[in-house]
Amino acid sequence: MAYVTHDDAQSVPLAEVGEMELYHAKSWVTKYVFSQDAKVIAIQYSVTAIAIGMLGLVLSWLIRLQLGFPEVFDFITPADYYQFITMHGMIMVIYLLTALFLGGFGNYLIPLMVGARDMVFPYVNMLSYWIYLVAVLVLVASWFVPGGPTGAGWTLYPPQAILSGTPGAEGGILLMLISLALFIIGFTMGGLNYVVTVLQARTRGMTLMRMPLTIWGIFVATCLALLAFPALFVGAVMMTFDSLLGSSFFMPAIVEFGELLDYEGGSPVFFQHMFWFFGHPEVYIVALPAFGMVSDLLSVHARKNIFGYRMMVWAIVVIGGLSFIVWAHHMYVSGMNPYFGFFFATTTLIIAVPTAIKVYNWTLTLWQGNIHLTIPMLFALAFIVTFVNGGITGLFLGNVTADVPLSDTMFVVAHFHMVMGVAPLLVVFGAIYHWYPLMTGRMLDETMGQFHFWVTFLGAYAVFLPIHYLGLLGVPRRYFELTDISFIPDSVQTLSAFVTVVALIVGFAQLVFIYNLIVSRTKGEPAGRNPWRATTLEWQTAEVPPGHGNFGETLPVVYRWAYAFSVPGARDDFIPQNLPPDQVPTDGSVS
Amino acid sequence: MFVAIMLVLVAVGTVVFHFLSPWWWTPIASNWGSIDDTVTLTFWITGVVFVAIVLFMAYCVFRYRYREGRRADYTPENKKLEWWLTGLTTAGVVGLLAPGLFVWNQYVTVPEEAHEFEVVGQQWQWSYRFPGADGVLGTSAPQNISDDNPFGLNPDDPNSQDDILIEDDEVHLPLHKPAKFLLRSIDVLHDFYVPQFRAKMDLVPGMVTFFWATPTRAGTFDILCFELCGVGHHTMRGTVVVEEESAYRAWLQEQPTFAQSMTEARNGAEDDSRENLKLVLGEAEAGSTAR
Ligand code: HEM
Ligand SMILES: [Cu+2]
Ligand SMILES: [Cu+2]
């Protein structure tokens, strides 16, 4: 039983980790602007991601206004509409969620939770953020070029993406491709940091199987991103060549509006394979950090160890691995060889097993716990509900046959919003309520938090649940309007209007949250140290918020796993990871 | 308590909505009832799991809510329970996958007796082509496309000549006859979908894709483009009229063949050149060129 992780009597031989040379900023600019401190970079990433995310949110309102009240907002043209959905989708998936989970939470939590003073390559880490910022600016710039941003859909499928029938074919698509390429370059710099830091800079006693699941989730997600993004990068470069240099990677012979174009022999389906080879792992790049963080929220706020830690770790690893062999489930009706359907349906449904195990283990963590219904706990509960809901609709879409009538309908839109939009965002919120006290030394306001939680959870659920049924009816996605379709009853319009109103309410509730973030920074109740009585290292720092170098004179030494909650015999219901076994206060009973 | 009640309400509300929702399948009009069955089966299996999980959470939130002095249980793992859950989930997944793959096998296996016809997509309209008396569709290439030959058929291919061309967004199909839909795009991706048929496939420029279905109900149905194809995507519509074979034959009879349309075009072109000649040479000489 040498590897049993939760047994603190089994002290693992402590590896020596050399102290690292820390870069010390000399001026205000190098401390807060061109900072090399992962915590500052994390805040920079988060603020930028949330800012661009707000743009994504506003775009979703415009989309919803058009869908809910098609005649009313006639300043929205079809071209605008397709540009809105494209930019909304891309912003939300890449520039908000990926950047926030990995660049934001990854930077903040990895060094602190593994007991390192900083990332191993701080300078590259700084560059990562600045390149990301440029990528965001290039993306936004596409609104200011002739033709505006691309309206090719976030999947950017050629030939359409670079031909004149699609808005933004002049400049927008090129800026999109350039922005993605920059994002990937910036991400790779950060990503190598996260991986190497986790592998090389853990403090003494922090074995891999003692790491909090947050770190496991972020770590595996980063590995996926490092392997998946290159496919998108190469695809983007090839499409840029097709567009600018007249190569024909993805372009067959085409007659566009009566005119024969100068392309021949390329394959549009080839692009789809490259896109989804990236795109499916991308789902897990967003989901795995959320899985990890929600595990820790549940455990801390239920005062109970995460159930089946080792199974949880292996599930993350297995899901990460499998996510590379399921990509073509997005392509069942793409015209690829139909026999691929058998293989990809099978792999896709296999992934459901480790995913389901994670869900069971989360709920079993609640079982026999001592559940504090704090705001982070509420968000964690809501995550489970929405994730299970979104996960089961994945079983429809993954199971090739059932996907045939549902693909490219509103069912798909509802599915992916539930599973990779709503669910991970609920974790983001929970995590912010949970770690804000560490980052600022103050608590977020509870009343605003309750309001934010209930409106967001119930509202988002009410928005996306009924949309599934529109898909079942046959309502297509990416439709500017649904006029003159005989099988669509008038009630659909009523439902759409309802959904729009709820979506607007949910959207405005986010402003309350942002307001809370800003005022609590100075007005919030002081948090003190370790307000949630958590075990992990980030809460055991010398000062709160943690200073430069994270830990004081000496690095913490880890003696046990991260889930020593309610251990029988101990006085408190938690034992910090770095508390030496002989100093753990006992409750007096013989253990 | 409140949170537990809300969780119960979410579970119950979801189920109630599911059964009361007025939005449901558009009534089917093809042989693909088996696709609906897989979807229904998936609803049942996954629905039970969803409700069970949410109710279990509600129970835990209520039963194990924070109380001063209570202590959570400390059981890091429970191998037996974990393996049981894994086993049950695997069984459920197999129960979903097996029928799914079974029906997919039918989907990719076109019956021998299916009659072929071609759907052509371009920004943002549909047109169709049926094989003529020889039962074979002629070859085509984008390079052949011109105003006179919008389908891009190969004029030298004898099989092309009797192909029946429908330059209109309405197509007719015979009832109860399996049809193989051959799909060809001349510009970007499109997707041919009639929701009542349940079957769809993308049109991909540079290749011919296909699916098959047997219309089982007479009527007029909407064809929608289901793959984003530019600003006009939502306007790319058509209609399919499913009718008795005799009516279908009568309709097909009235449509022009490729050879006919080419002759017409050639005559049209001759008319044009005659006009030009008249302009250049003047009335008198033009009169002498006429045969
Ligand atoms: C308040 C929140 C949100 C609302 C109301 C909303 C609404 C919508 C709507 C109405 C569409 C267009 C559907 C269509 O006709 O095709 C859409 C597309 C999309 N959304 Fe959201 N969305 C929200 C948040 C998110 C988030 C957080 C994500 C991140 C995963 C996301 C990702 C996408 C993607 C990838 C698309 C597809 C774009 C495309 O078709 O190319 N959305 N959203
Ligand atoms: Cu996928
Ligand atoms: Cu289309």
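The values are calculated or read from the model by the stated rules, or taken from the named source; none is laboratory data. This one's a predicted model, so the numbers in the text were calculated from it and none came from an experiment. Quick reminder, even Gly has a Cβ in these numbers, built from the backbone with ideal geometry, and neighbours come from all protein chains shown. SASA here: full protein model, heavy atoms, side chains in, ligands and nucleic acids out. Shrake-Rupley method; radii C 1.70, N 1.55, O 1.52, S 1.80 Å.
Some points to look at:
- In the range A:479-499, the residue that is nearest to A:Tyr82 (Cα to Cα) out of those that are buried (at least 20 other Cβ atoms within 10 Å of the Cβ) and in contact (Cβ under 8 Å) with a residue 60 or more places away in the chain is A:Phe480.
- Scan of the range B:39-92 for residues that are of a type in the set (Gly, Ala, Ser) and part of a loop (DSSP other than H, G, I, E, B), ordered by number: B:Gly69, B:Ala72
- For the range B:247-257, the criterion of being more than 16 Å from ligand 1 (Cβ to nearest atom), touching a Ser or Thr at 6+ places or on another chain (Cβ under 8 Å) and farther than 30 Å from A:Thr150 by Cβ is satisfied by no residue at all.
- Residues that are away from ligand 3 (no atom under 14 Å from the Cβ), of a type in the set (Lys, Arg) and assigned to a strand (DSSP E or B), drawn from the range B:174-204: B:Lys180, B:Arg184
To keep it simple, each residue is scored yes or no on (1) acidic (Asp, Glu); (2) under 17 Å from the mean Cα position of the chain (by Cα); (3) within 9 Å of chain B (Cβ to nearest Cβ); (4) crowded, with 21+ Cβ neighbours inside 10 Å.
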site: A:Phe278; (1), (2), (3), (4): no, yes, no, yes
site: A:Arg303; (1), (2), (3), (4): no, no, yes, yes
site: A:Trp327; (1), (2), (3), (4): no, no, no, yes
site: A:Ile350; (1), (2), (3), (4): no, no, yes, no
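- Test: A:His330 is modelled with pLDDT of 95 or more and away from ligand 2 (no atom under 12 Å from the Cβ): no
- Count of the range A:532-584 residues which are under 27 Å from the mean Cα position of the chain (by Cα) and of a type in the set (A, V, I, L, M): 4
For every residue, the table says whether it meets (1) farther than 20 Å from A:Asp403 by Cβ; (2) in contact with a strand residue (DSSP E or B) (Cβ under 9 Å, 6 or more places away or on another chain); (3) more than 7 Å from chain A (Cβ to nearest Cβ).
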{"position": "B:Leu203", "(1), (2), (3)": "no, yes, yes"}
{"position": "B:Arg217", "(1), (2), (3)": "yes, yes, yes"}
{"position": "B:Cys225", "(1), (2), (3)": "no, yes, yes"}
{"position": "B:His234", "(1), (2), (3)": "yes, yes, no"}
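- Condition met for B:Asp157 (surrounded by fewer than 24 Cβ atoms within 10 Å (Cβ to Cβ), at pLDDT below 95, within 30 Å of A:Arg478 (Cα to Cα) and more than 16 Å from ligand 2 (Cβ to nearest atom)): no
- Neighbours by Cβ (under 8 Å, 6+ apart or cross-chain): first from the range A:216-242, among the charged types (D, E, K, R); second in a helix (DSSP H, G or I): A:Asp242/A:Ile162
- Residues considered: A:His452, A:His417, A:His434. Of these, the only one that is assigned to a helix (DSSP H, G or I), more than 15 Å from ligand 2 (Cβ to nearest atom) and out of contact with any His (no Cβ under 9 Å at 6 or more places or on another chain) is A:His452.
- Residue-level analysis places A:Phe121 among those that are in contact (Cβ under 8 Å) with a residue 60 or more places away in the chain, open to solvent by 10 Å² or more (accessible area, probe 1.4 Å) and farther than 26 Å from A:His280 by Cα.
- Any hit, the range A:98-114, residues being open to solvent by less than 20 Å² (accessible area, probe 1.4 Å), in contact with a helix residue (DSSP H, G or I) (Cβ under 7 Å, 6 or more places away or on another chain) and within 16 Å of ligand 2 (Cβ to nearest atom): yes
- Only one of A:Phe229, A:Phe271, A:Phe250, A:Phe257 that is among the aromatic types (Phe, Trp, Tyr) and more than 14 Å from chain B (Cβ to nearest Cβ): A:Phe229
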